[in-house]
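To start, the structure under review is shown below, and the notes come after it.
The values are calculated or read from the model by the stated rules, or taken from the named source; none is laboratory data. All of these numbers come straight from a predicted model, not from anything done at the bench. Here the Cβ positions follow ideal geometry from the backbone for every residue, glycine too, while neighbour counts run over all protein chains shown. These area figures cover heavy atoms from the full protein model, side chains too; ligands, DNA and RNA do not enter into them. Shrake-Rupley method; radii C 1.70, N 1.55, O 1.52, S 1.80 Å.
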Amino acid sequence: MGILLAGLLLFSAGCDNIFEYSPYKAGVRVPYSDLNLKALKVLEEQSREAFAPFSVGVFGDTHTYYDDFEEQVARFNKQDSLAFIAHMGDLTLSGIYREFIWYRKISSKLKHPLLTLIGNHDYLSNGEFMYEEMFGPSNFTLVYNNCLFVFMDDIIWEKNVQDPDFAWLESVLEGSEHYKYRFVLAHIPPWSAPFSKGNEYYYNMLMEKYGVDLSLHGHTHSYTYGQPYENGPPYFTSSSSKRREIFYLDVKEDGFEIRKEDI
Amino acid sequence: MALKSGKRIFKEWVARSGSWVLLLGGLLLAPSARAEGGPSEATLQVDESFLARPMPLVFQEDTVLFKFSWLKPQQLRLQYAGLIGFASVGLGYEFTPRYSAALYYGVLSDTFGGSSVRVHTVSIKSSWRLFREDLLGPVEPRAGFSLNWGNTNNTFRRLPAHYPEKYYFQNKLHLAPFWGAEWALPLREGKWIKGIGLYAEMSTLDAYVLEMVRTRYVGLHDIWNLALGITLYLD
Ligand SMILES: [Fe+2]
């Protein structure tokens, strides 16, 4: 038995968590806490007071497409001058503990600061709590080189049909006219099914009212760029990792541009 | 976005009611398997109390005599970790010399396991002895699988009504294969315990196996976890 036990232990020496209490476990207690908050701190220090051109890497819906995800990370690392990378949400498939850890293990190889949005899949089982402990609050903002980035949790069904926190969105967009650009990032685009017609209208109305320059999303698993509403900003959706594409948001003096790169 | 992939196909198989009927049916029919072999001598000697009174039950076309005393477990188990909670207790039943099953209840909470969430898990574990009894002395290698039914936030068997059909796959039930061994010590003097066993098992989850098959990133070394337990063999 002793030999057998030793064998078991040896075999599992590679695992960093040999004992697993539950796939639904949350309460990380590993060095992975407040990752977004830590990245935001780094970015605040890097940011300049006045506008200066910069680029942001964008991808999302990595789910469990781990091989493609790894290649996306490697491709982003070939770029030297990215301000940060935005993950548009759905970093897991079932919101279970190991999927969060796998996401962290792969994304930790990124040499650029990473900001991770929450997606609908990340709310499954105890993912909501896992996300909060690992990354921080699911709504947050960043001012970088005099541009405003709003990261918004717009998950609805998985919160038992709860409207997006439009009051918060409005509170951070209010008085943002003095920034050079305003970008809003949220996992689900407003035309997608979880949004009611009223919420869809209201979301775009807020974009228009506060002069948001671009609304960025994930969720659809395919790349789109266009102006779906008569008024309001252009909308962008990133593809899933399976499509083997990454995106850049180039923010320039005379405008901004979304660039797609195939891997 | 709901994903359409091999995972769904696999998981649909796992969740299709037919496969559960088969597995649960196996458990339900286990008493009849005993009945076929005839009640053991010990059962015959017990007085005709209510528990020991034969009760006719019809399984399909076969009538078997069911006794409530058969529900009395032959084992009590206590387990640490192993995907079904920080700690769990189980009732074990030996159906054949090779096959035994156990019903576990496990808990994970702030007090038990330091998790910020509470998870209650009910698990039915089927295990098979891999070698003939006494071939390896007191060590009994075994393998099998558990059906884990986890109860916590945002888990469901049937999707809540506000979702479109098949938006998500069910995430309450999981199949967990395992392998391991028990080291058994007979106790001569025990009044109601005739033996004690210490076991160690490596287990994994359907979802992890699927990622191992589907991706290069998740390897065989990434999917296992260890459970430790004690079995008390009741007299
Ligand atoms: Fe997705």
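Residue check: is A:G95 within 12 Å of another protein chain (Cβ to nearest Cβ), open to solvent by less than 60 Å² (accessible area, probe 1.4 Å), among the small types (G, A, S) and within 16 Å of the ligand (Cβ to nearest atom)?
Values: within 12 Å of another protein chain (Cβ to nearest Cβ): yes; open to solvent by less than 60 Å² (accessible area, probe 1.4 Å): yes; among the small types (G, A, S): yes; within 16 Å of the ligand (Cβ to nearest atom): yes.
Yes.
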Scan region B:73-91 residue by residue and report those that are within 17 Å of B:G113 (Cβ to Cβ) and open to solvent by 40 Å² or more (accessible area, probe 1.4 Å).
-> B:L78, B:Y80, B:F86, B:V89
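May I ask you to say which residue of B:L210, B:L147, B:L173, B:L205 is under 26 Å from A:I155 (Cα atoms), touching a residue at least 24 places away in the same chain (Cβ under 8 Å) and of a type in the set (A, V, I, L, M)? Talk me through it step by step, then tell me what you get.
Working: B:L210 fails: under 26 Å from A:I155 (Cα atoms); B:L147 fails: under 26 Å from A:I155 (Cα atoms); B:L205 fails: under 26 Å from A:I155 (Cα atoms).
So the residue among B:L210, B:L147, B:L173, B:L205 that is under 26 Å from A:I155 (Cα atoms), touching a residue at least 24 places away in the same chain (Cβ under 8 Å) and of a type in the set (A, V, I, L, M) is B:L173.
Can you pull out every residue in region A:99-122 that is of a type in the set (D, E, K, R) and surrounded by 22 or more Cβ atoms within 10 Å (Cβ to Cβ)? Please lay out each step first, then the result.
Just the residues of region A:99-122 that are of a type in the set (D, E, K, R), to begin with: A:99, A:104-105, A:109, A:111, A:122.
Those that are of a type in the set (D, E, K, R) and surrounded by 22 or more Cβ atoms within 10 Å (Cβ to Cβ): A:E99, A:D122.
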Given the conditions (1) part of a loop (DSSP other than H, G, I, E, B); (2) touching a Gly at 6+ places or on another chain (Cβ under 6 Å), which single one is not true for A:M207?
-> (1)
Looking at A:S138, A:S125, which is the one that is part of a loop (DSSP other than H, G, I, E, B), open to solvent by 10 Å² or more (accessible area, probe 1.4 Å) and within 19 Å of A:H187 (Cβ to Cβ)?
-> A:S138
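Please go through region A:60-73 and pick out each residue that is touching a residue at least 12 places away in the same chain (Cβ under 8 Å) and either more than 9 Å from every other protein chain (Cβ to nearest Cβ) or open to solvent by 10 Å² or more (accessible area, probe 1.4 Å) (or both). Show your work before the answer.
The initial filter retains those residues of region A:60-73 that are touching a residue at least 12 places away in the same chain (Cβ under 8 Å), namely A:60-66, A:68-73.
Of everything in region A:60-73, those that are touching a residue at least 12 places away in the same chain (Cβ under 8 Å) and either more than 9 Å from every other protein chain (Cβ to nearest Cβ) or open to solvent by 10 Å² or more (accessible area, probe 1.4 Å) (or both) turn out to be A:G60, A:T62, A:Y65, A:D68, A:E70, A:E71, A:Q72, A:V73.
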In region A:33-58, residues that are within 18 Å of A:M134 (Cβ to Cβ) and either within 16 Å of the ligand (Cβ to nearest atom) or within 14 Å of another protein chain (Cβ to nearest Cβ) (or both) total 1
Of the conditions (1) outside any loop (DSSP other than H, G, I, E, B); (2) open to solvent by 20 Å² or more (accessible area, probe 1.4 Å), A:D80 fails just one. Which one is it?
-> (1)
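From B:G180, B:G150, B:G144, which residue is open to solvent by 10 Å² or more (accessible area, probe 1.4 Å), in contact with a Lys or Arg (Cβ under 9 Å, 6 or more places away or on another chain) and among the small types (G, A, S)? Full working, then the answer.
Values: B:G180 fails: open to solvent by 10 Å² or more (accessible area, probe 1.4 Å); B:G150 fails: open to solvent by 10 Å² or more (accessible area, probe 1.4 Å).
One residue alone meets the criteria, B:G144.
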When A:I156 is run through (1) within 11 Å of chain B (Cβ to nearest Cβ); (2) open to solvent by 10 Å² or more (accessible area, probe 1.4 Å), the failure sits at (2)
Take the residues of region B:97-141 that are touching a residue at least 12 places away in the same chain (Cβ under 8 Å), within 22 Å of B:G197 (Cα to Cα) and outside any strand (DSSP E or B): which is least open to solvent (accessible area, probe 1.4 Å)?
-> B:P138
Tally time: how many residues in region B:186-235 are at pLDDT below 95, more than 13 Å from every other protein chain (Cβ to nearest Cβ) and open to solvent by 60 Å² or more (accessible area, probe 1.4 Å)?
-> 8
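With respect to A:D122, is the statement that it is on the phi < 0 side of the Ramachandran plot and either of a type in the set (S, T, Y) or more than 16 Å from the ligand (Cβ to nearest atom) (or both) true?
no
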So which residues in region B:172-214 are touching a helix residue (DSSP H, G or I) at 6+ places or on another chain (Cβ under 9 Å) and in a loop (DSSP other than H, G, I, E, B)?
-> B:T204, B:L205
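Return the only residue of A:L216, A:L206 being open to solvent by less than 20 Å² (accessible area, probe 1.4 Å), more than 14 Å from chain B (Cβ to nearest Cβ) and within 16 Å of the ligand (Cβ to nearest atom). Walk me through it before giving the result.
On the way: A:L206 fails: within 16 Å of the ligand (Cβ to nearest atom).
After ruling out the rest, the residue left standing is A:L216.
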Could you count how many residues in region B:157-174 are under 20 Å from the mean Cα position of the chain (by Cα) and either loosely packed, with under 15 Cβ neighbours inside 10 Å or at the interface with another protein chain (Cβ under 8 Å from one of its Cβ atoms) (or both)?
-> 3
